[in-house]
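Asks: Got a structure for you, written out below as structure tokens; questions coming shortly.
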Amino acid sequence: MMNSQALEVVEKLTSEGFQAFIVGGSIRDLLLNRVPKDFDVATNANPIQIKSLFDRARIIGRRFQIVHVKLNKQIIEVTTFRSNNKDLFNEQRIRTKNGMLTRDNVFGSLTDDSIRRDLSVNAFYYDPHDNTITDFTNGFSDLREGIIRIIGDPATRYREDPLRLLRVVRFAAKLNFLIDSSTRAPIKQHGKDLKQISAPRLFDESLKLFMSGHGLKTFELLNEFDLLRHIFPTLFDNIDSNDLHLKIIQKALTNTDSRVENKQRVTPAFIFAAFLWPEVQSNAKVLHSQGKSVRQALEDAAERAIACQIRITAIPKRFTLSMRQIWSLQISLEKNIGARAHRLIHNPRFRAAYDFVLLREQAGENLNGLGDWWTKYQTSDEKIQRKMISTRKQQHRRKC
Ligand code: ATP
Ligand code: MG
């Protein structure tokens, strides 16, 4: 079903004499009988002209200006046709020495715009007036055959914007498409260019990679193309040597994928906590062996892992705070017995931390039945809870 707000935006622009089309992923998804995530509009009106036509519109971005038009609580992204003209460089189109575009605001015609898009299946233009879809880049045939293909010369397009490496992988996983051989060939070699992407942009992309319901498949493809090391470098140091850690991450992604499918709430804190856990756990072990208390060692290791990671993917504070709590509750869930057990289950992070314990156990870590204990504790009445605590205290004393 075409979105009525996107149609309204197109209608307004065309009634003012501009060209306007519904473009990008929404048309691709509708052609595949999928529900589009959002709707994008492309037009020959420039950002200032677009903004002036709508009551609630704002221009966002610098590298790539777009206009967010808000209608009935929905945001429609409106972009001006861009040109990819290789010879045209001025203050609106700036390229670094190695070919990356740090500003890409040279406006162009409809055909210019179609070839500057990333993938053939993302470059459809729907015109509601005559109900037609224009395909300048052979997208129909790729869509039919299930192929992800970069428009133009792949190496150049990756150099212009290395984020396209991740987009290729993301759409291949999401649509279950094959990556065309010349699109795939330069991916590994350009992975290192991902460090040129700003940390906020890479964080936004990491949400799309892992929180859109195809996280596990995306993770496996990223691994195949050796791209993970550029997003989570510390993960790579720890994962090879320890199959358990890999399993924890795979399980976390599977959990998130099925929660997305069942329309349950998901938080990136859980996934990021799993990604950094190998690093945190192994550093905490070292710090503990150097004399720090178990809790202090874990907290210091957490601090360090987060400080390194946010330089690459700018995880907002509210999520890093949850990650720390999930990790630190791993100790509390093991140690805090007695009256504190009752308080713990009312901790707002209890659920995530308990899920994390289950994850570790499912992956094969031996936590002496900790997950089971908490599962029973939560579902028992007070009398049984008291009995469970006294048995656990005895076991704990014996262990000490
Ligand atoms: P979805 O919204 O389902 O993740 P999408 O294809 O709509 O997928 P968006 O990120 O919303 O992706 O971008 C809208 C469109 O803008 C894309 O379909 C593509 O045509 C174009 N586009 C986005 N990012 C880039 C990029 N880095 N390089 C070239 N074109 C891009
Ligand atoms: Mg979109």
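Each reported figure results from applying straightforward, stated rules to the coordinates on display, with no laboratory input. These figures come from a predicted structure and were not determined experimentally. Methodologically, a virtual Cβ is constructed for each residue, glycine included, from the backbone with ideal geometry; neighbour enumeration extends over all protein chains shown.
Asks: Evaluate E = 1/(1 + (r/R0)^6) for THR254 and ARG56, where r is the Cβ-Cβ distance and R0 equals 56 Å; express this FRET efficiency to the nearest 0.05.
Replies: The computed FRET efficiency comes out at 0.90.
Asks: Pairing the Cα long axis of helix 350-362 with the longest principal axis of the chain, what angle in degrees results, from 0 to 90 and rounded to the nearest 10?
Replies: Long axis of 350-362 versus the principal axis of the chain: about 80 degrees.
Asks: Something else: Where nothing but the Cβ of Lys and Arg (+1) and of Asp and Glu (-1) is charged, how large is the charge dipole of the stretch 1-138 around its Cα centre, in debye to the nearest 20?
Replies: I would put it at about 720 debye.
Asks: Additional query: Say we join alpha carbon atoms closer than 10 Å with springs in a Gaussian network model of the chain; which of LEU222, LEU344, LEU178 then has the biggest fluctuation?
Replies: Top of the fluctuation ranking is LEU344.
Asks: Hey, another quick one. Plugging the Kirkwood radius over Cα pairs into Stokes-Einstein for the stretch 241-386, at a temperature of 4 °C and a viscosity of 1.567 mPa s, what D comes out in µm²/s?
Replies: 81 µm²/s
Asks: Please work out the FRET efficiency for the pair ILE384 and LYS70, using the Cβ-Cβ distance as r and a Förster radius of 41 Å; give the result to the nearest 0.05.
Replies: Details: r = 53 Å, r/R0 = 1.28.
So, using R0 = 41 Å, E works out to roughly 0.20.
Asks: Also: Could you work out the relative contact order of the chain? I mean the mean sequence separation of Cα pairs under 8 Å and 6+ apart, divided by the number of residues, in percent.
Replies: Once normalised by length, the contact order is 9 percent.
Asks: Still on this model: If the only charges are +1 at each Lys and Arg Cβ and -1 at each Asp and Glu Cβ, what is the size of the charge dipole of the chain around the Cα centre, to the nearest 20 debye?
Replies: 2220 debye
Asks: Starting from the Cα-Cα distance between ARG343 and MET2, subtract it from 0.36 nm times their residue separation and give me the gain in nm to one decimal.
Replies: Roughly 117.8 nm would be gained on extension.
Asks: Relative to the longest principal axis of the chain, what angle (0 to 90°, nearest 10) does the C-alpha long axis of helix 243-261 take?
Replies: 60 degrees
Asks: Here is a further query. In percent, what relative contact order does the stretch 198-400 have, based on Cα pairs under 8 Å that are 6 or more apart in sequence?
Replies: RCO, the stretch 198-400: 22 percent.
Asks: Near ILE197, within a Cβ-to-Cβ distance under 9 Å, what is the net charge of the other residues, with Lys and Arg +1 and Asp and Glu -1?
Replies: On the way: positive: LYS195, ARG201; negative: ASP161, ASP193, GLU205.
Once all neighbours under 9 Å are counted, the net charge is -1.
Asks: Show that you can apply the helix-only estimate: for the chain, add -39,500 (n - 2.57) for every DSSP H stretch of four or more residues, divide by all residues, and state [θ] at 222 nm to the nearest 500.
Replies: Values: 21 runs with 224 residues, N = 400.
Rounded to the nearest 500, it is -17000 deg cm²/dmol.
Asks: Can you pick out the pairs among LYS51/LYS73; LYS292/LYS376; LYS195/LYS217; LYS51/LYS317; LYS73/LYS217 whose Cα atoms lie more than 28 Å from each other?
Replies: LYS292/LYS376; LYS51/LYS317; LYS73/LYS217
Asks: Here's another thing I want to ask about it. Can you give the Rg and Dmax of the stretch 1-138 based on its C-alpha atoms, in angstrom?
Replies: Values for the stretch 1-138 (Cα only, Rg and Dmax): 14.8, 44 Å.
Asks: Rounded to whole Å and sorted largest first, list the principal axis extents of the Cα atoms in the chain.
Replies: Computed over the Cα atoms, the extents are 80, 44, 38 Å.
Asks: For the Cα atoms of the chain, what angle does the longest principal axis make with the long axis of helix 215-224, in degrees from 0 to 90, nearest 10?
Replies: It works out to around 80 degrees.
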